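The structure appears right after this line, and notes come after that.
The values are calculated or read from the model by the stated rules, or taken from the named source; none is laboratory data. Not measured: the values here are computed from a predicted model. Using ideal geometry, Cβ is built from the backbone for each residue, glycine included, and neighbour counts are taken over all protein chains shown.
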Amino acid sequence: MGIDSENKRRSAQRLIRGPRTMPRPDGGADEYDRRHRTAYRGPLVALAVIASLAPAGVTILCLIGDQNGRVLARLRPNVQRASWRFNAVGQMAFALARTDEKLQEEYLRFGNRVLLQFDNGLPPWGGIIGSPYEWNEAEVLFQAYSGEELLYRRRTARQRRFDNATVGAIALALLAEADAVYPTGVRPGAIWGGGSGHFPEYHYKSLGDALRDSLVENLSAESFDVTAREEAGYIVFELNLYGARGEQKPNVALVENQNVSDVRFRVEDNIVNAWYMAGEGSDWGEDDRVYAEAADEESIRRYGRREDFEARSGVIFQSTLDETIAKRLDETAAPSRVLGLAVTDDRPGRFGEYDVGDAVMCVLPSYDWQGIRGLYRVLGREFIPANGVTDLVLEEVR
């Protein structure tokens, strides 16, 4: 997705002329993000944070913790941007003046925890300090990566197979097994326990890839995320796994010339209207694995027949494969309409009224052939504190 895909280019631009606020020129979503939400539970941190007032008037509360999450310091950073992404790792960039007494290696080493909280309705942002950091004459620039990154730094066992386990049971087991080797720093949160049983097998697969590529992409979960909060002097992270994520919010609207300040709209011809799928198996005979076919006749009449194939590892039941192919066909039978919007915290769609994964009403009369008016799902958001604008990437709900 474009929110984090152009960091090198955008970092160079910031050094030259400061942060940009408009959406990415390409519309901001790649194929994975096109197909494919954070919640905060708990009070704001009292007496343990220092508020920094950004030029646009947003108050940001910042905590730094060690690799175990224990709070070390309260910082007053210049937060340049913070992003949240659907089924992916978000990023945060911040700077400290070289004269700041809190500019200490103990606080800012790789792997230390960061927690930001905002007073404008945005959810908390939690993550870990990562590469790179950069010194210049006036300040030091740092990068941090959202809590999902912790899952990509750990691996499954050499050979781990599940037999008739739900996606929730698989997620809990993988997390517990990694914790038994060395603490992941992520504890179970809201884990969906529904769905049918599955039979995946993993070989030194990262936990993040097991969640995204297997439980979400191949099996029956729709989404996962890692949320953060402060609890008793510690920054804690929780893994959440969803069978369905977000809400449809037709009364929350992003409206051209009201709370939308810039627009990028792209229609993508990535149509597949005839799918073939195969489940797990060692050979390709009729009885060696399950198979499925599905086609959308209306789409074929309109755009011609466009075929594709996917093999789904860990899928051995016909009913599971039938559900998967129906969902995939629904995602790809029509062109994708993707929006990149720069939005403000104004009615009829305030920042706190929607989150990543929610579908909101978009009203843009001067775009597309007959104008845009319909529900679009938020796939990512990036907040620029310098002017209070948030970049969104959204896809039309079909």
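Some values worked out for this structure:
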read-out	value
Test: residue in the range 134-144 that is modelled with pLDDT of 95 or more, surrounded by fewer than 17 Cβ atoms within 10 Å (Cβ to Cβ) and under 16 Å from residue 239 (Cβ atoms)	no
Pairs with Cβ under 8 Å, 6+ apart, first in the range 287-304 and within 17 Å of residue 327 (Cβ to Cβ), second aromatic (Phe, Trp, Tyr) and surrounded by fewer than 18 Cβ atoms within 10 Å (Cβ to Cβ)	290/317; 291/276; 292/276; 293/276
Meets criteria (of a type outside the set (Val, Ile, Thr) and closer than 19 Å to residue 127 by Cβ) for residue 189	yes
Filter result for residue 199 (under 26 Å from residue 83 (Cα atoms) and out of contact with any Cys (no Cβ under 9 Å at 6 or more places or on another chain))	no
Cross-chain or 6+ apart pairs with Cβ under 9 Å, the range 63-76 first and under 19 Å from residue 98 (Cα atoms), then part of a strand (DSSP E or B) and aromatic (Phe, Trp, Tyr)	75/94
Tally of residues being surrounded by fewer than 18 Cβ atoms within 10 Å (Cβ to Cβ) and not acidic (Asp, Glu) across the range 317-328	5
Scope the range 260-289; condition surrounded by fewer than 19 Cβ atoms within 10 Å (Cβ to Cβ) and farther than 28 Å from residue 312 by Cβ; matching residues	261, 262, 265, 266, 267
Options 347, 301, 305: the member that is loosely packed, with under 15 Cβ neighbours inside 10 Å, closer than 30 Å to residue 58 by Cα and either at pLDDT below 95 or over 21 Å from the mean Cα position of the chain (by Cα) (or both)	347
Where residue 189 falls short, out of the listed (1) under 23 Å from the mean Cα position of the chain (by Cα); (2) crowded, with 22+ Cβ neighbours inside 10 Å	(2)
Test result for residue 240, among the polar types (S, T, N, Q) and touching a Phe, Trp or Tyr at 6+ places or on another chain (Cβ under 8 Å)	yes
Some residue of the range 293-309 being touching a Gly at 6+ places or on another chain (Cβ under 8 Å) and assigned to a helix (DSSP H, G or I)	no
Residue match in the range 87-109 (condition: touching a Leu at 6+ places or on another chain (Cβ under 8 Å) and closer than 20 Å to residue 232 by Cα)	yes
Residue match in the range 109-129 (condition: more than 26 Å from the chain's Cα centre (by Cα) and outside any helix (DSSP H, G or I))	no
